Amino acid sequence: MTSAAMPQTSRRKTAPAGPAIRLVGLSKRFGETTAVDSVDLEIRSGEFFSMLGPSGSGKTTVLRLIAGFELPTAGVIELDGKDVSARAPFERDVNTVFQDYALFPHMSLIENVAYGLRVRGVAKAVRRQRAAEALEQVQLGSFLDRRPSQLSGGQRQRVALARALVVRPKVLLLDEPLGALDLKLRQQMQVELKELQQELGITFIFVTHDQEEALTMSDRIGVFNKGRIEQVGTPEEIYERPNGPFVANFVGTSNIFPGTLGRSLYGRDDRFSVRPERIQLRPLPPEGPGTGIALTVTALVYLGHATQVRGTLPDGTTAVALIPVTAGRGGEFAVGQPAVLSWNRQDVVWLPPAS
Amino acid sequence: MSVDIRPADAAPGRPSRQALSALLYRRGRLRLAGLLTAPAAWLILVYIAALSALLITALWTVDTFTGKVSTTWTLDNLIQVTTDPVYQTIALRTLRIAVLVTVVDMVLALPIAFFIAKVASPRWRGVLVVAILMPLWASYLVKAYAWRNVLAEGGLLEWLGISSPGYSEAAVVIALSYIWLPYMILPIHAGFERVPDSLLEASSDLGAKPLATLRLVILPILVPSIIAGTIFTFALTLGDYITAQIVGGTTQMLGTVVYANVGAANNLPLASAVALIPIAVIMAYLLIVRRTGALNNL
Ligand SMILES: Nc1ncnc2c1ncn2[C@@H]1O[C@H](COP(=O)(O)OP(=O)(O)O)[C@@H](O)[C@H]1O
Ligand SMILES: [Mg+2]
């Protein structure tokens, strides 16, 4: 996508360095359920920030609090340093791409996209021009007079994007925007969204439950669990140094070894994790495990690019290793057979004790 | 498309019934005919036949001596009904009452339906819908007489020290607005239910204040539902004769004229001619609605 229709890029780049959004002690309760539990978060201006977490972890509620569709039970929401906690959605300089796209069914595409300009009192000729450009930008320039009902899911998604971006918000909120698309389209849209965000320099807050999506697209990720933020960091930090068993397990499968193993191997009583692709696995040599841990293979899963080997340690802990196809060794293992597990010391991530 | 889908081989069991099912499956028109014949026959009998009978009767006369309907063809009834100032006045008054009732109901129903569909909690929603339906369970006559007790001279309003409209056109409008209100609320409520909350949120998100959302998003989507409601209240008011008699005093409506001519005056042809007026008005209304394209978004 080109940025011809949105020439405000340079203005964005010189935006103040303060956080675009600051959440302080933000909580939201619905009757008995606490959907968001005193969240503190700073989202930098111009960054691609993902909120990652399982279904029901409060991501959507945080997004709706930022947009103004819900009012917080407690806490403060700051946009560009200004407290907007009590403001209505139409008084906040953020826009949303809804999960169900929420296109107006009685309007053509161009009317949909021009809507935000229309309610701002932009003259008809100007707003149609800008809406047409925005639709052009998302490759729907030839569908201006169609109705949303005549489009595919992917096309509707682009219209929703154009409609939100044409009013040039400071922050764009996206709630699982790719959730309804098939894999191929999804991957293509991931690339396009990321490129668009970099061109426009707008802060994107992207909600997803797909860890791969979050890892590939984001500048930073906040991992949500039960209404709280478990960890905030770059994709590398989140993936390589999870700060607890929840993040280690949710962001990619991970092996979590018990404190007893930590004590016997490293003299430290804490649990630790090792990523499956960092584990070396070899068949048990006749002379015994040597410098490794014996394991019994329980399952082999062919993944295409690799073979996943699952097994159990003598103490009952399950472990997963990933053997790349290039290594060509998947055939050396068989269910029920023993194997030897090892890893490098620097791939060990110590987990704080679970509270 | 005429893709011919045939089962490779019929399963054992009931071959004849399966053959029939398969035949109906392949022949869409046959299936449609089977489904629609009975209701269509009913429709023709009740609707078209009754309407034609009305039209034909309107072209007959009454023998002034015997008081029997004589089947001599004449346009006299139609001419009298359309040119006689008495009938013109009554027709205009009926139309005015119908329009007023429709407008009053629309103004009342929109916020009520909005509240039920979008503001009330799910638990209250059910209670409120039942509350809206409840007056429909009470007899029409009871409601009309209740309004007479409120509005008439010496009624509840005067007793409360408020000036009352007495037996008048205003009283008819008030009573009919009350009686037909559920018929306006229900379709509009159904219409609101079909507007997802996310559309209202999207509108607000894009910068629209509540009134702009109402004007640009809610009302356009609701137009078909509102029109459905207005057809109810408008048509029901045009045909009313009971409320007009109970709370209207001497206020004559088309319905009361029909009633009088069928009964006391024993002039069925004239009654038929008068009855054709509301039918013509409703048809004109539907035509206008079609013309403005208000139903194109359905
Ligand atoms: N309007 C609401 N009323 C009651 N409970 C809600 C409402 N919205 C969300 N919740 C609850 O809050 C929790 C978080 O929901 P949500 O923010 O949608 O999670 P996520 O988007 O991460 O899947 C869930 O337990 C959900 O049931
Ligand atoms: Mg969600």
Qualifying position, being surrounded by fewer than 21 Cβ atoms within 10 Å (Cβ to Cβ) and assigned to a helix (DSSP H, G or I), among B:Ile188, B:Ile162, B:Ile132, B:Ile179
B:Ile132
Is it the case that the stretch B:238-248 has a residue that's crowded, with 23+ Cβ neighbours inside 10 Å, touching a Lys or Arg at 6+ places or on another chain (Cβ under 8 Å) and closer than 30 Å to B:Thr64 by Cβ?
no
Name the pairs: first residue in the stretch A:53-82 and within 14 Å of another protein chain (Cβ to nearest Cβ), second residue within 13 Å of ligand 2 (Cβ to nearest atom) and of a type in the set (Ser, Thr, Tyr), Cβ to Cβ under 6 Å, at least 6 apart or on different chains?
A:Ala67/A:Thr96
Which residues, counting only those in the stretch B:11-64, are more than 25 Å from B:Leu78 (Cβ to Cβ) and of a type in the set (S, T, N, Q)?
B:Ser16, B:Gln18, B:Ser21, B:Thr37
When the stretch B:135-158 is checked residue by residue, the ones that are among the charged types (D, E, K, R) and part of a helix (DSSP H, G or I) are B:Lys143, B:Arg148, B:Glu158
Evaluate the following for A:Phe250: is it over 24 Å from A:Val325 (Cα atoms) and at pLDDT 90 or above?
no
How many residues of the stretch A:185-220 are within 14 Å of ligand 1 (Cβ to nearest atom) and either within 14 Å of another protein chain (Cβ to nearest Cβ) or crowded, with 17+ Cβ neighbours inside 10 Å (or both)? The answer is 7
All-but-one check, A:Gly311 against (1) more than 32 Å from the chain's Cα centre (by Cα); (2) at pLDDT 85 or above, failing number (1)
Options B:Arg125, B:Arg96: the member that is more than 18 Å from B:Tyr178 (Cα to Cα), out of contact with any Pro (no Cβ under 9 Å at 6 or more places or on another chain) and either surrounded by 12 or more Cβ atoms within 10 Å (Cβ to Cβ) or modelled with pLDDT under 90 (or both)
B:Arg125
Might you check whether a residue that is crowded, with 21+ Cβ neighbours inside 10 Å, within 14 Å of chain B (Cβ to nearest Cβ) and touching a strand residue (DSSP E or B) at 6+ places or on another chain (Cβ under 6 Å) occurs anywhere in the stretch A:27-43?
no
Could you list, in sequence order, all residues of the stretch B:191-211 that are in a helix (DSSP H, G or I), over 30 Å from the mean Cα position of the chain (by Cα) and at the interface with another protein chain (Cβ under 7 Å from one of its Cβ atoms)?
B:Ser198, B:Glu201, B:Ala202, B:Ser204, B:Asp205
Filter the stretch B:40-84 for residues that are of a type in the set (Ser, Thr, Tyr) and free of Cβ contacts under 8 Å to residues at least 40 places away in the same chain and give the result.
B:Tyr47, B:Ser52, B:Thr64, B:Thr66, B:Ser70, B:Thr71, B:Thr72, B:Thr74, B:Thr82, B:Thr83
Leading residue by the ranking (farthest from ligand 1 (Cβ to nearest atom)) among those in the stretch A:26-82 that are charged (D, E, K, R) and part of a strand (DSSP E or B)
A:Lys82
Going through (1) more than 16 Å from ligand 2 (Cβ to nearest atom); (2) within 14 Å of chain B (Cβ to nearest Cβ); (3) closer than 30 Å to A:Gly252 by Cα one by one, A:Tyr101 fails only at (1)
Kindly indicate whether any position in the stretch A:145-157 is under 19 Å from B:Asp197 (Cβ atoms), within 14 Å of chain B (Cβ to nearest Cβ), surrounded by 18 or more Cβ atoms within 10 Å (Cβ to Cβ) and in contact with a strand residue (DSSP E or B) (Cβ under 7 Å, 6 or more places away or on another chain).
no
Looking at the stretch B:119-127, is at least one residue within 14 Å of chain A (Cβ to nearest Cβ), farther than 22 Å from B:Thr256 by Cα, in a helix (DSSP H, G or I) and out of contact with any helix residue (DSSP H, G or I) (no Cβ under 7 Å at 6 or more places or on another chain)?
yes
For B:Val172, indicate whether it is within 14 Å of another protein chain (Cβ to nearest Cβ) and under 25 Å from the mean Cα position of the chain (by Cα).
no
Considering only the stretch A:18-67, state which residues are among the basic types (Lys, Arg) and within 15 Å of ligand 2 (Cβ to nearest atom).
A:Lys28, A:Lys59, A:Arg64
Exactly one of these conditions fails for B:Ala53: (1) within 30 Å of B:Ser272 (Cβ to Cβ); (2) over 24 Å from the mean Cα position of the chain (by Cα). Give me its number.
(2)
Positions within the stretch B:217-236 being surrounded by fewer than 22 Cβ atoms within 10 Å (Cβ to Cβ) and within 7 Å of chain A (Cβ to nearest Cβ), in sequence order:
B:Pro220, B:Ile221
Free of Cβ contacts under 8 Å to residues at least 60 places away in the same chain and more than 16 Å from ligand 1 (Cβ to nearest atom): is that true of A:Leu300 in this structure?
yes
Of these, A:Val94, A:Val113, which one is more than 13 Å from ligand 2 (Cβ to nearest atom), crowded, with 20+ Cβ neighbours inside 10 Å, over 18 Å from the mean Cα position of the chain (by Cα) and closer than 30 Å to A:Glu237 by Cβ?
A:Val94
Every residue in the stretch A:162-184 that is free of Cβ contacts under 8 Å to residues at least 12 places away in the same chain and either part of a helix (DSSP H, G or I) or crowded, with 22+ Cβ neighbours inside 10 Å (or both), please.
A:Leu183, A:Lys184
Tally of residues being within 12 Å of chain B (Cβ to nearest Cβ), among the aliphatic types (A, V, I, L, M) and not in a loop (DSSP other than H, G, I, E, B) across the stretch A:118-130
0
Condition set assigned to a strand (DSSP E or B) and more than 16 Å from ligand 1 (Cβ to nearest atom), scope the stretch A:83-103, selection nearest to A:Arg29 (Cα to Cα): answer is A:Asp83
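The values are calculated or read from the model by the stated rules, or taken from the named source; none is laboratory data. Just so we're clear, the structure is a prediction, and the values are computed from it rather than from any experiment. Quick reminder, even Gly has a Cβ in these numbers, built from the backbone with ideal geometry, and neighbours come from all protein chains shown.
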